[in-house]
1. With each pseudo-label sitting 7 Å past Cα toward Cβ, what's the residue 268-residue 60 distance in nm, one decimal?
2. What value does the chain have for Rg/Rh, both radii from Cα atoms and Rh as Kirkwood defines it?
3. With no solvent and one equal point scatterer per Cα, compute the Debye intensity ratio I(q)/I(0) for the stretch 21-144 at 0.10, 0.20 Å⁻¹ and report its log10, rounded to two decimals.
4. Tell me, what ³J(HN,Hα) does each residue in the stretch 204-214 have, in order and in whole Hz, if you take phi through Karplus 6.51 cos²θ - 1.76 cosθ + 1.60 with θ = phi - 60° and put x for Gly and Pro?
5. Given the protein chains as shown and a 1.4 Å probe, how many square angstrom of residue 195 are accessible, to the nearest 10?
6. What three numbers, in Å, describe the spread of the alpha carbons of the stretch 8-71 along their principal axes, ordered from the longest?
7. When ligands, DNA and RNA are left out and all protein chains stay put, how many square angstrom of accessible area per residue does the chain have with a 1.4 Å probe?
8. Within the P(r) computed for the stretch 227-296, what percentage of the Cα pairs occupies the region above 19 Å?
Amino acid sequence: MIKTTTILKNLINSKKLEFFLEAHNGISASIVQEAGFSGIWASGLSIAASLGVRDSNEASWTQVLEILEFMSDSTSIPILADADSGYGNFNNVRRLVKKLEQRGIAGMCIEDKEFPKKNSFINSESQYLVSIDEFVGKIQAAKDTQIDPDFCVIARTEAIITTQNIDEALLRCQAYYHAGADALVIHSKRQDPSDIITFMKQWHYDCPIIIIPTTYMDTPTSLFESLNISLVLWANHMLRASVYQMKKIAALIFANSSVLEADKKIASLEEIFRFQKVQELEEAEKIYLSHPSYKC
Ligand code: SPV
Ligand code: MG
């Protein structure tokens, strides 16, 4: 069986544009896999939100790691972990890589913001980047730590988000590429893809580029293909789908003082049991819970 790390490495290096959808726990990860996606974006925003906290490193890195482990246990496709700014300095990054590999995570994305970070769409002009040297050190530390050569270390620059400066993004990406990053994420908060187009026209290195088109969502994917984008992350749509639907159902049940109407609009219990692989436990019980030979 091919390792998920190798699958991820191959996906980001293939000439075909790939799409990963966000997930934030075991069941959402299973749903993304079942929908046919080739990989999962373990979004920091979505994991934090599903825990009821802000995307500001309020959940500790080990709490995030626990969620990632449940996601990894429930799926067989690669998981790309959003590791924010690495939860500290290069040394925290080293420990993180070790733990992610132990939990079967195929790769991680670290961004060049300070720790604690803030979500890219919140007051981004007042967010700060760490120096290029400091971030290069984190990338090198990650690459030197990984045991599996195919574990992917993806470097994300927030230069366009924080400074609107494409030259700064290019400078940083060059440095991150030379430091050993397996791919780069270019993030933009514009409603149109002009930042990405300008960046790609000037990017001449043979290093896969990943984008997160949350705000420029109406851009046809054919444009991303023509720009040679490697991977698109649909970053938060499973979380937003569930919040949208849960709000509707909660209001309906509250208004009706009954679950009768809501029951027709939600997943059946059988569906939940299927995602939990209850059938497998039933089968296992038949094997492991009956030991006639030991009966006295
Ligand atoms: C996330 O999904 O947590 C991301 C993407 O990092 S964004 O929210 O756009 O920063
Ligand atoms: Mg994030």
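1. 4.2
2. Numbers: Rg = 21.0 Å, Rh = 20.4 Å.
Result for the chain is an Rg/Rh of 1.03.
3. -0.29, -1.11
4. 10, 8, 8, 9, x, 10, 10, 10, 10, x, 6
5. Spelled out: residue 195, probe radius 1.4 Å, area about 10 Å².
6. 37, 22, 17
7. Numbers: 15240 Å² over 296 residues.
Value for the chain: 51 Å² per residue.
8. Values: 1569 of 2415 pairs.
In whole percent, the share of Cα-Cα pairs in the stretch 227-296 beyond 19 Å is 65.
The values are calculated or read from the model by the stated rules, or taken from the named source; none is laboratory data. Quick caveat, the model's predicted, so the values are computed rather than measured. Methodologically, a virtual Cβ is constructed for each residue, glycine included, from the backbone with ideal geometry; neighbour enumeration extends over all protein chains shown. Calculation scope for accessible area: heavy atoms of the full protein, side chains included, ligands and nucleic acids excluded. Shrake-Rupley method; radii C 1.70, N 1.55, O 1.52, S 1.80 Å.
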